[in-house]
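The values are calculated or read from the model by the stated rules, or taken from the named source; none is laboratory data. These numbers were taken from a predicted model, which means no experiment stands behind them. Neighbour counts are summed over all protein chains in view; Cβ atoms, including those assigned to glycine, are modelled from backbone coordinates with ideal geometry. For accessibility, only protein heavy atoms count, side chains too; no ligands or nucleic acids. Shrake-Rupley method; radii C 1.70, N 1.55, O 1.52, S 1.80 Å.
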Amino acid sequence: MTSVDIKHFPMRIGGREVDTERRRNVVDPSTGETVATVAHGDAGHVDAAVSAARAAFDSGVWRHRTPQERAAVMRRIVAAANDVADELIELELSANGATVRQATGFHIGYALAHFSYFADLAETYAWQRPAPITTFPALGQAVVHREPIGVVGAIAPWNFPLLLTLWKVGPALAAGNSVVVKPDEHTPLSILAFARIAEENGLPPGVLNVVPGDGPDAGARLASHPDVGKIAFTGSTAVGREIMRLAAGTVKQVTLELGGKGPSIVLDDADLDLAVDGVLYGCFVYSGQVCESGTRALVPAHLYDDFVGRLVTRASTIALGPTRDWDTDMGPVIDAHQQARIVDYIHGAVAEGAAVALGGQAIDQPGYWVTPTILTGVHNSMRIAQEEVFGPVLVVIAYSDDDEAVSIANDSDYGLAASIWSSDNSRSLDLAARIDSGSVWINDAHQINCQVPFGGFKQSGVGRELGPDALDAYTEVKTVHLDLSGGRDSKPYDILLSHADE
Ligand code: NAD
């Protein structure tokens with residue numbers, strides 16, 4: 001696979017390419033080199049995109065198609081995107097630094113498969129549901145309708161740019177909404193390419209608009225725009241709070257997928273070979289830049305030294321290298337700021353009493369690299385155990401019994417995902433019931449399955465994405481009541497008005 005030539009990407013508004021004088025460089029984190037430039041939109045471009053989305057919605061060109069017709073277009077888009085999957089993989093990894101293995105399997109592979117799942121949901125969703133016939137106070141029947149909301153705003157992060165955007169665009173389109181996407185500043189390429197493919201394959205102009213730009217400018221305008229009925233956001237908890245505040249002005253529906261500090265709980269009866277690989281996989285995939293990563297390994301005190309030794313031996317084999325090389329296991333982190341921040345966290349942990357068992361440094365070479373890092377002697381009250389580092393840093397915390405493991409696992413502002421490693425299913429299920437977390441994976445990690453809901457407890461978010469009910473969050477509920485009594489007599493209007501005959 002070759003690297004992309006430096007190409008310019010305009011934004012997409014109303015089915016057209018829209019350019020700006022302001023451009024932003026898109027940088028390959030593995031080399032530090034500019035791979036593309038992108039039009040840099042602002043609040044005015046968001047206004048134009050929302051107008052285009054509203055006009056498309058009001059025209060009925062998408063929402064008035066049958067769910068089967070919408071599903072057919074969505075499937076055509078997936079087929080066309082699959083035909084150029086290599087191009088999408090290159091656009092994704094050249095901007096976010098994923099390895100080609102990760103970008104192929106997760107970043108693009110999951111994105112297209114999940115979009116396809118939302119097409120299936122459009123066909124099976126209960127768009128109308130009859131309520132039971134009522135006889136009191138008068139004979140009647142209601143039908144509960146699910147209708148599109150209107151214009152949906154989607155604000156995405158850089159770690160899984162296409163996947164996490166399509167988790168919002170997919171159900172929004174399946175339900176008949178129009179969408180305006182504000183991608184992250186680092187990673188606008190794959191969703192811009194996807195929007196072009198979508199329009200070339202039957203999505204009407206204005207239904208999907210993409211405006212790259214700064215969060216506090218373009219993003220904030222989208223989150224507060226009076227004509228946006230719902231805002232779906234994935235990103236940091238700090239920005240999630242701001243989105244909620246901005247959306248409150250016009251009481252928008254909101255879904256938030258935010259940060260995590262996932263515990264990987266190793267029980268004393270675990271298959272240790274599986275647990276070691278599973279804990280490392282849970283933490284270091286995509287250089288630890290996954291919201292649901294297991295970044296805190298909780299290990300029984302009597303197994304601690306043995307387990308740390310095994311972790312270090314196995315993690316030492318993780319090969320860093322060119323992201324397009326199929327032999328590379330782990331790539332860079334997203335940018336210089338994040339690289340420095342991760343190293344600061346490691347230094348801070350050492351200052352608080354942690355020891356570096358593996359790694360612990362930035363690598364002095366082009367691009368933004370940090371070695372896989374394992375920290376021991378960590379207590380859950382330390383900053384490194386409480387705050388989201390978003391880098392390849394695993395902390396190992398000792399516990400004495402299952403109760404203490406649960407209490408450490410839950411001692412966090414976050415509650416996105418947890419894993420339990422054990423050979424005893426009953427014990428694991430008992431523990432899973434006690435963990436405050438949106439997902440609990442037993443003897444596995446990163447189990448992102450489009451058929452089950454994903455999202456967080458506590459400050460990890462509001463609402464859920466994926467799963468059979470994913471369209472609920474992109475629809476309004478309308479109850480239509482039809483009177484079947486056929487007359488005035490059985491109605492309770494006498495509460496206000498005397499009967500005309502009296
Ligand atoms: P971020 O919050 O800095 O940015 C996310 C998006 O919000 C970007 O598009 C950004 O431009 C925009 N934004 C920033 N400030 C804004 C504002 N004031 N108003 C509107 N939009 C604004 O997050 P990030 O650094 O891109 O991503 C990393 C974070 O995302 C981590 O905390 C991670 O845990 C979280 N994340 C969560 C999930 C999940 O599903 N729960 C998935 C991936 C990432």
**Message:** Return the residues of segment 370-411 that are within 14 Å of the ligand (Cβ to nearest atom) and open to solvent by less than 10 Å² (accessible area, probe 1.4 Å); say none if nothing qualifies.
**Reply:** 389, 391, 393
**Message:** Among the residues in segment 338-353, are any within 30 Å of residue 401 (Cα to Cα), in contact (Cβ under 8 Å) with a residue 12 or more places away in the chain and surrounded by fewer than 13 Cβ atoms within 10 Å (Cβ to Cβ)?
**Reply:** yes
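Filter segment 279-291 down to residues that are part of a helix (DSSP H, G or I) and within 13 Å of the ligand (Cβ to nearest atom) and give me whichever is most open to solvent (accessible area, probe 1.4 Å). Talk me through it step by step, then tell me what you get.
Let us first name the residues in segment 279-291 that are part of a helix (DSSP H, G or I), namely 279-288.
Checking the rest, the ones that are also within 13 Å of the ligand (Cβ to nearest atom) come to 285-288.
Details: 285: 19, 286: 2, 287: 1, 288: 3 Å².
Among them, the one singled out is 285.
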**Message:** For residue 385, only one of the following conditions fails: (1) within 19 Å of residue 280 (Cβ to Cβ); (2) in contact with a helix residue (DSSP H, G or I) (Cβ under 8 Å, 6 or more places away or on another chain). What is its number?
**Reply:** (2)
**Item:** Contacts under 6 angstrom Cβ, first residue in segment 141-158 being open to solvent by 30 Å² or more (accessible area, probe 1.4 Å), partner within 16 Å of the ligand (Cβ to nearest atom) and polar (S, T, N, Q), 6 or more apart
**Value:** 158/96; 158/187
**Request:** Taking the options 126, 142, 138, 122, name whichever one is more than 10 Å from the ligand (Cβ to nearest atom), part of a loop (DSSP other than H, G, I, E, B) and at pLDDT 95 or above.
**Result:** 126
**Asked** Would it be correct to say that residue 173 is more than 20 Å from residue 37 (Cα to Cα), in contact with a Ser or Thr (Cβ under 7 Å, 6 or more places away or on another chain), in a helix (DSSP H, G or I) and modelled with pLDDT of 95 or more?
**Response** no
**Request:** State which residue is surrounded by the most Cβ atoms within 10 Å (Cβ to Cβ) when the search covers only segment 217-236 and only residues that are more than 13 Å from residue 44 (Cα to Cα) and within 7 Å of the ligand (Cβ to nearest atom).
**Result:** 233
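For segment 453-470, enumerate the residues that are within 14 Å of the ligand (Cβ to nearest atom) and free of Cβ contacts under 8 Å to residues at least 60 places away in the same chain.
Here is the first cut: in segment 453-470, the residues within 14 Å of the ligand (Cβ to nearest atom) are 453-467, 470.
Listed by number, the residues that qualify are 453, 457, 458, 467.
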**Prompt:** Here is a list of conditions, (1) surrounded by fewer than 17 Cβ atoms within 10 Å (Cβ to Cβ); (2) within 30 Å of residue 489 (Cβ to Cβ), and residue 124 meets all of them except one; can you say which number that is?
**Reply:** (2)
**Asked** Can we say residue 119 is surrounded by fewer than 24 Cβ atoms within 10 Å (Cβ to Cβ), within 29 Å of residue 225 (Cα to Cα) and free of Cβ contacts under 8 Å to residues at least 60 places away in the same chain?
**Response** yes
**Message:** For the list (1) surrounded by fewer than 24 Cβ atoms within 10 Å (Cβ to Cβ); (2) part of a helix (DSSP H, G or I); (3) within 16 Å of the ligand (Cβ to nearest atom), I need the number of the one condition that residue 186 fails.
**Reply:** (2)
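May I ask you to verify whether residue 433 is surrounded by fewer than 13 Cβ atoms within 10 Å (Cβ to Cβ), modelled with pLDDT of 95 or more and of a type in the set (Gly, Ala, Ser)? So that I can check it myself, show each step before the final result.
Numbers: surrounded by fewer than 13 Cβ atoms within 10 Å (Cβ to Cβ): yes; modelled with pLDDT of 95 or more: yes; of a type in the set (Gly, Ala, Ser): yes.
Judged against the criteria, residue 433 is a match.
Yes/no matrix, rows are residues, columns are (1) open to solvent by 60 Å² or more (accessible area, probe 1.4 Å); (2) within 22 Å of the chain's Cα centre (by Cα):
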| site | (1), (2) |
| --- | --- |
| 52 | no, no |
| 73 | no, no |
| 77 | no, yes |
| 90 | no, yes |
| 97 | no, yes |
| 105 | no, yes |
| 110 | yes, yes |
**Neighbours by Cβ (under 9 Å, 6+ apart or cross-chain): first from segment 204-216, touching a residue at least 24 places away in the same chain (Cβ under 8 Å); second among the acidic types (Asp, Glu) and more than 12 Å from the ligand (Cβ to nearest atom)** = 205/199; 207/199; 208/199; 211/42; 213/42; 214/42
**Residue, surrounded by the most Cβ atoms within 10 Å (Cβ to Cβ), within segment 445-497, restricted to residues that are outside any helix (DSSP H, G or I) and of a type in the set (Asp, Glu)** = 465
**Asked** For segment 1-99, which fully contained helices (runs of 4 or more DSSP H) count at least 1 residues that are free of Cβ contacts under 8 Å to residues at least 12 places away in the same chain?
**Response** 43-59, 67-83
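Pick out the one residue from 239, 251, 276 that is more than 9 Å from the ligand (Cβ to nearest atom), among the β-branched types (Val, Ile, Thr) and crowded, with 17+ Cβ neighbours inside 10 Å. Talk me through it step by step, then tell me what you get.
Values: 239 fails: more than 9 Å from the ligand (Cβ to nearest atom); 251 fails: crowded, with 17+ Cβ neighbours inside 10 Å.
When all the criteria are applied, what remains is 276.
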